[in-house]
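> This is the structure, below, for whatever I ask next.
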Amino acid sequence: MPPHPEWTAAMFPDEVWEHVFSFLPSDADRNVAAASCHAWLRIERRSRRRVFVGNCYAVAPAVAVARFPEARAVEVKGKPHFADFDLVPGDWGGGADEWVAAMAEGWPQLEELRFKRMVVSDDCLEVIARSFRNFRVLGLAFCEGFSTAGLAAVAANCRNLRVLDLQENVIEDNCSHWLSHFPESFTSLVHLNIACLPGEVNVPVLERLVSRCTNLKTLKLNHAVPLEKLVILLRKAPQLVDLGTGRFSGEHHLDLYSKLESAFTGYKSLKSLSGTWEAVPAYLPAVYSVCEGLTSLNLSYATTQNPELIKLVSRCKSLQRLWVMDFIEDDGLAAVASSCKLLQELRVFPSDPYGPQPVSLTERGLVAISAGCPMLHSVLYFCNQMTNAALIAIALNRPNLTRFRLCIIEPQTPDYLTLQPLDAGFSAIVESCKDLRRLSVSGLLTDRVFKSIGAYADRLEMLSVAFAGDSDAGLHYILSGCKSLRKLEIRDCPFGDKPLLANAAKLETMRSLWMSSCSLTLGACKLLARKMPRLNVEIIDERRGASWDSRPDDCPVEKLYVYRTVAGPRSDTPSCVWTV
Amino acid sequence: MTPPLEHDYIGLAETSAMENSTKISSSSSSSSSTVSNSEDNGKLIGHLNLKETELRLGLPGSEFPERGEGVGLTLGLPKSFGSGAKRGFSDAIDGSAKWVFSGGGGSEVGLGKGGILFSPRGENGSGKLPVASPAKDLGGVGKATGQENKGKVGSGLAAPAAKAQVVGWPPIRSYRKNTMASNSSKNKEDDEGKQEVGCLYIKVSMDGAPYLRKVDLKTYSNYKELSLALEKMFSCFIIGQCSSNEVSSRERISESRMIDTLQGSEYVLTYEDKDGDWMLVGDVPWDMFIISCQKLRIMKGSDATGNAPRALE
């Protein structure tokens, strides 16, 4: 209900509207406000402080920067999600250089910058380090292309840095003393996550840094910090709320265990614990004293097994988030279901996905959790077997699910009891869980499940499909339904040209579509590109063969990435990408 | 090739090696696969039918003349694999620790005809031992039900091996894959001779078993827990201990039955105390026991007591 333009703009000065807009919770709301009239467009864009760019190629950097001149915080995402699983060639794109350059130019007062799945060079980091006087937060997740030399530049120049969050990046280690570049006068650090750093860490330097940054709340160490050093660091930072212990192992010392135990006993505020925990069952009881207060536990890289694992997790009665390996087994999940009543998010990762699966983790564990944890809304679960009955039980137990990602490791695995496809199970999920926003399906699935998904999953924003479906109808159901769909990623499904072309307009309402190893042809892609000028239709061909211009229309397309954009075709396409 | 009497432990590193090994004995997998298939629904994992599976130890690449007899499940090994040289414990464990026993030849081990495949549940003290993976070799018993249910029962063994690695599937980040891979290799390094703190690692031997295990006594609080853990650890070497309908699930076996299994029919748990004497486990209070225990030994009942084995309830 947009207000009448003339009287609203005149009634209040801009600053009042800006204040009003500051209460709008999401970008989507602000976008709606901005679209209602020119005055509001002007006011809103001038007052927007947080800018989110879900696809770095959807808009030209300079345009985004100009549109929101007062931005203080920005997040930009690059590569498609399937890049995580090696489906996207390394040189596909997602470079951050142009973004950093535009931001340095237009946003000198930028305070927060987060990149996800982008290629960030050391040059970028140097520009970032020097361009923003009041820079506070740097977050790099699943990025690559930089080294510790770049981090050294950030450390040396960002005088007010609060957050350095490096999450699962690929970092080259060529400057092992980069931590020393934080000047002695530097004390502002609140959050330091270096868990993914490949090399050694100068522990004395880290100790001094931790000592002088008295507001440090989050410290996530990498593998290079052995237990005896961890103890020292812990003693220097008893105020930590979030701790990543690194490898949690080390040389035996006589009283190391008791030192460790007493260090943890001092931790009154610890809420979140993580680490790689390399198989040291004997040390685990040392952390028992903090378990009661933990809300987040990430043992998804830990080789800890039962019974130690169960013993540890069952003590964490306040747990809201649990990431764990399948070593937890059904027994462990049953224990979690009875101990961790506040659990909201569960992720269970496979310990040996390519191997013979000696671990006893089945659908029963997930059913137990769904029954025992009333607040559970987010699930990521890798397992080997599933039944429709289990999925139906989960759906009925937990209609409040918002994220449900199930990966049955062997493709096209049916219900192991009935040998039926898992259509009924996943249909139950989408029918029961009305707020479902993210769904990944697996196992043996026919077009029927997509009919249900299309019809019922009204709030679904992201759908991942692999080795599923029988025919074009499956894709058609999805694209013609799923009112809120933003991201669709499909691999190895028998979906062809027709549903894509029939639902071309839908693609402009979405952020992106990925299709690989389906049944698409060049002709359809050309048609799509012609029909929808505001889509970039990218054909990804790793063989980098003959020019796609000259190929016949029936040439199969192995990988397709389609996304809406106002920036037109990008200028940095590598040889493996052809924008149709 | 060394004489067949020597037994050996082979860790097959790659899937391809597994493929080769599993192809050789796929015919005998069907019995074990169907058995597991028919069992109670939730308990398919880790279920081994002892009557149907037989395993003998032998050398890599050696022929198995006894294959013709009965239902023995024997695993062969690719010829490329064995120089036949005896490999050290740590050599035999690769990063992802896939253990395979090759059947064949005579064996000094004393397992006779009924040895079952090593069960992977390394407990506590062997927490650092890489997890072994016999189920796959026995026709993917339990675990590969997906394949079995597709009707490929007869090729139960082949199916897991044929699980060729599809690019990007299962959807696990490379970062995670790399971290896990480097973790397991680090475990291998840490394995050798590092003494852990705050724990009491002692060696456990079992008569007839080819190698010893280590347990951390501090992780147990009573004899029952210890006994349970030892039973799990050494169950692969226990022949026909459990009554047949209990075998399906470790969980279902009551504690007392477990203790019976270990200490009942054939085996007796003993320990060496500080004076070097061999004592029967269970006489002294637990706290006293863990202080004085230097080593554990699971003795054959006949050796230990000279009595006839107790019958199971």
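Throughout, read-outs are computed from the coordinates displayed, never taken from laboratory work. It should be emphasised that the depicted structure is a prediction, and the values quoted were computed from it without experimental measurement. Virtual Cβ from ideal backbone geometry, glycine too; neighbours counted across all protein chains shown.
> In terms of the Cα gyration tensor, with a ≥ b ≥ c the square roots of its eigenvalues, is the range A:317-426 rounded because a/c is under 1.5, prolate because a/b exceeds b/c, or oblate?
oblate
> Which one of A:CYS493, A:ASN215, A:ALA395 has its Cα pushed farthest toward the positive end of the charge dipole of chain A, where Lys and Arg give +1 and Asp and Glu give -1 at the Cβ?
The residue sitting farthest along the positive end of the dipole is A:ASN215.
> For the range A:232-298, list log₁₀ I(q)/I(0) at each q in 0.27, 0.28 Å⁻¹, using the Debye formula over Cα point scatterers of equal strength and ignoring solvent, two decimals each.
Debye output, listed in q order: -1.48, -1.57.
> Does the range A:172-211 come out rounded, prolate or oblate, given a ≥ b ≥ c as the square roots of the eigenvalues of its C-alpha gyration tensor, rounded meaning a/c under 1.5 and, failing that, prolate meaning a/b above b/c?
prolate
> Convex hull over the Cα atoms of the range A:423-518, averaged projected area in nm²?
That works out to 4.9 nm².
> Obtain the nm distance between the two label points defined at B:SER182 and A:ARG208 by a simple spin-label model: each point lies 7 Å from its Cα along the Cα-to-C-beta direction.
Computed distance between label sites B:SER182 and A:ARG208 equals 2.7 nm.
> Answer with one residue from A:GLN167, A:PHE132, A:ASN193: the one whose Cα lies farthest towards the positive end of the charge dipole of the range A:117-231, charges on Cβ with Lys, Arg +1 and Asp, Glu -1.
Highest projection toward the positive end goes to A:PHE132.
> Counting each DSSP H run of 4 or more residues in chain A as -39500 (n - 2.57), what helix-only mean residue ellipticity at 222 nm follows after dividing by all residues, to the nearest 500 deg cm²/dmol?
The helix-only estimate for chain A comes to -9500 deg cm²/dmol at 222 nm.
> Another one. Loop-only trypsin sites (Lys or Arg not before Pro) in the range A:363-434, please: DSSP not H, G, I, E or B, and at most 11 other Cβ atoms within 10 Å.
Filter output for the range A:363-434: empty list.
> Where in the range A:39-56 does the amide nitrogen come within less than 16 Å of the point 7 Å from the Cα of A:ASP14, taken along Cα to Cβ?
Within reach of a label on A:ASP14: A:39-49.
> Can you tell me the dipole magnitude for the range A:405-463 around its Cα centre, using point charges on the Cβ only (Lys, Arg +1; Asp, Glu -1), in Debye to the nearest 20?
About 180 debye.
> Out of A:ALA546, A:LEU507, A:TYR561, whose Cα points farthest toward the positive end of the dipole of the range A:475-578 (charges: +1 Lys, Arg; -1 Asp, Glu; placed on Cβ)?
A:LEU507
> Can you tell me the equivalent ellipsoid semi-axes for chain A? Use √(5λ) from the Cα gyration tensor, largest first, whole Å.
38, 34, 24
> Dipole of the range A:375-435, Cα-centred, from +1 at each Lys and Arg C-beta and -1 at each Asp and Glu C-beta, to the nearest 20 debye?
Computed charge dipole of the range A:375-435: roughly 240 debye.
> Which semi-axes, in whole Å and largest first, does the equivalent ellipsoid of the range A:123-162 have when worked out from the alpha carbon gyration tensor as the square roots of 5 times its eigenvalues?
Ellipsoid semi-axes (Å, largest first): 16, 11, 8.
> If the only charges are +1 at each Lys and Arg Cβ and -1 at each Asp and Glu Cβ, what is the size of the charge dipole of the range A:34-124 around the Cα centre, to the nearest 20 debye?
640 debye
> Something else now. Which GluC sites (Glu not before Pro) does the range A:203-299 hold that lie in a coil by DSSP with at most 14 other beta carbons within 10 Å?
A:GLU251, A:GLU292
> What's the center-to-center distance, using Cα atoms, between the range A:214-275 and the range A:540-555 in Å?
What the calculation gives is 54 Å, centre to centre.
> Name the trypsin sites (Lys or Arg not before Pro) in the range A:118-182 that are in a loop by DSSP and that have at most 15 other C-beta atoms within 10 Å, would you?
Qualifying residues, ordered by number: A:ARG133, A:ARG159.
> Need one value for A:301-307: mean number of C-beta atoms belonging to other chains within 10 Å of its residues' C-beta atoms.
Per-residue shielding by partner chains comes out at 5.
> Calculated FRET efficiency, A:LEU501 and A:ASP549, Cβ-Cβ r, R0 22 Å, to nearest 0.05?
0.60
> Further question on the same structure: In the neighborhood of A:LEU87, defined by Cβ-to-Cβ distances under 11 Å, what is the net charge if each Lys or Arg adds +1 and each Asp or Glu adds -1?
Net charge in that neighbourhood comes out at -3.
> How much of the DSSP beta bridge set in chain A is antiparallel, as a percent to the nearest 5?
Roughly 20 percent of the DSSP beta bridges within chain A come out antiparallel.
> Still on this model: Can you list, bin by bin at 10 Å, the percent of alpha carbon pairs in the range A:110-242, starting at 0?
13, 48, 34, 5
> Here's a follow-up. According to a simple spin-label model (label point 7 Å from Cα along Cα-to-Cβ), what is the distance in nm between B:TYR201 and A:GLU251?
1.6 nm
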